[in-house]
Amino acid sequence: MTNKTIAITGATGQFGAIALDLLKTKNADVIALVRSPEKISGVEARKFDYSKTEGQVEALKGIDTLILVSSNEIGQRSAQHKNAIESAKKAGVKHIIYTSLLGATNDNTVKSLAGEHVETEAALKSSGITYTILRNGWYTENYTSSIPAALANNAFYGSAKNGRISSALRAELAETAVNVALGEGHENKTYELAGSTSWTLTDLAAEISKQTGRNIPYVDLPAEDYAEALVQAGLDSDFAGLIAQWDVDASKGALFSEDKTLEKLLGRPTAELDVAVKQSL
Ligand SMILES: NC(=O)c1ccc[n+]([C@@H]2O[C@H](COP(=O)([O-])OP(=O)(O)OC[C@H]3O[C@@H](n4cnc5c(N)ncnc54)[C@H](OP(=O)(O)O)[C@@H]3O)[C@@H](O)[C@H]2O)c1
């Protein structure tokens with residue numbers, strides 16, 4: 001067992017909570033860095049807000065490895081992540097593991113998200129701190145969370161056409177981050193982390209139909225119509241527009257990769273689509 005002290009941000013979020021639980025299971029020396037320490041149990045939790053530099057250096061004192069889980073506040077993330085990196089430098093953190101985006105620097109990527117990750121990666125590299133960049137692929141749950149809506153609508157709507165999606169379960173990507181934090185030889189590496197297999201929204205709809213015994217077709221809509229349907233379903237119009245555009249990006253292959261690094265770091269192939277659908281149902 002490693003005797004380094006590991007800190008993790010975003011530990012109140014879905015990815016971070018899974019990673020924190022795994023670190024606890026493995027008896028790692030771990031500290032959660034979160035906005036609401038009262039939400040964490042079983043390990044030390046220190047107050048840490050990406051947007052508030054005051055107190056950050058103190059919170060990062062004594063940390064060897066920081067798992068910097070990217071913020072979910074789109075538009076503010078470059079500045080937030082830079083704050084954390086600068087504070088980590090001042091506090092003497094030795095290694096930062098950052099959750100980036102699959103193909104962040106590619107021409108064909110999710111452009112609305114890539115910029116902040118590219119800027120963070122650049123800040124990390126120029127900080128001089130040892131880094132590991134985990135360019136996480138799309139969570140399968142981004143799509144399987146829409147299964148209840150598909151069952152209610154008798155169709156799975158989207159705008160991804162036949163774009164192939166090399167997603168992985170959030171838990172698989174979180175486990176990989178933990179393996180990297182506890183493992184050796186990941187210094188100054190950038191990993192493209194894609195699921196072992198890929199699928200289309202037609203495949204997803206077929207799997208939902210198979211497992212529920214119902215006919216749930218995939219219906220591809222123009223992006224504007226899909227965004228409008230999401231607004232009708234109660235989403236904020238900016239977010240609906242983003243989701244529809246992510247599907248358009250997917251239709252062009254932005255969520256696809258044949259890179260097999262994820263299964264190597266995870267120690268097994270990622271779950272097949274049927275497993276993810278079963279989990280969601
Ligand atoms: N690969 C993908 O498909 C995918 C999908 C969605 C998101 N992501 C990215 O991966 C990250 C982790 O995913 P997730 O599913 O765990 O997201 P999540 O459940 O939304 O969790 C986000 C975490 O970020 C924390 N956070 C937000 N703003 C903060 C701030 N100003 N200071 C400190 N902490 C802050 C939240 O803390 P609070 O509990 O205090 O709000 C929460 O712990 C996301 O934040 C996003 O960057 C990736």
Of LYS252, LYS189, LYS264, the only residue that is open to solvent by 10 Å² or more (accessible area, probe 1.4 Å), touching a residue at least 24 places away in the same chain (Cβ under 8 Å) and either within 30 Å of LYS94 (Cβ to Cβ) or in contact with a strand residue (DSSP E or B) (Cβ under 6 Å, 6 or more places away or on another chain) (or both) is LYS189
Which of the residues that make up the stretch 1-52 are in a helix (DSSP H, G or I), touching a residue at least 60 places away in the same chain (Cβ under 8 Å) and within 10 Å of the ligand (Cβ to nearest atom)? GLN14, PHE15, GLY16, ILE18, ALA19
Mind checking whether some residue in the stretch 61-68 is open to solvent by 50 Å² or more (accessible area, probe 1.4 Å), within 12 Å of the ligand (Cβ to nearest atom), at negative phi and not β-branched (Val, Ile, Thr)? no
If you go through the stretch 154-162 one residue at a time, do you hit one that is open to solvent by less than 10 Å² (accessible area, probe 1.4 Å), of a type in the set (Phe, Trp, Tyr) and either under 24 Å from LYS252 (Cβ atoms) or touching a Phe, Trp or Tyr at 6+ places or on another chain (Cβ under 9 Å) (or both)? yes
Out of curiosity, is ASP49 under 23 Å from THR190 (Cα atoms), charged (D, E, K, R), surrounded by 15 or more Cβ atoms within 10 Å (Cβ to Cβ) and touching a Lys or Arg at 6+ places or on another chain (Cβ under 9 Å)? no
Where the second residue is in a loop (DSSP other than H, G, I, E, B) and the first is among the acidic types (Asp, Glu) and lies in the stretch 219-242, which pairs have Cβ atoms under 6 Å and are six or more apart or on separate chains? ASP220/LYS161
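The values are calculated or read from the model by the stated rules, or taken from the named source; none is laboratory data. Just so we're clear, the structure is a prediction, and the values are computed from it rather than from any experiment. Heads up, the Cβs are rebuilt from the backbone with ideal geometry, glycines too, and the neighbour counts pull from every protein chain shown. Heavy atoms of the whole protein, side chains included, go into the accessibility calculation; ligands, DNA and RNA do not. Shrake-Rupley method; radii C 1.70, N 1.55, O 1.52, S 1.80 Å.
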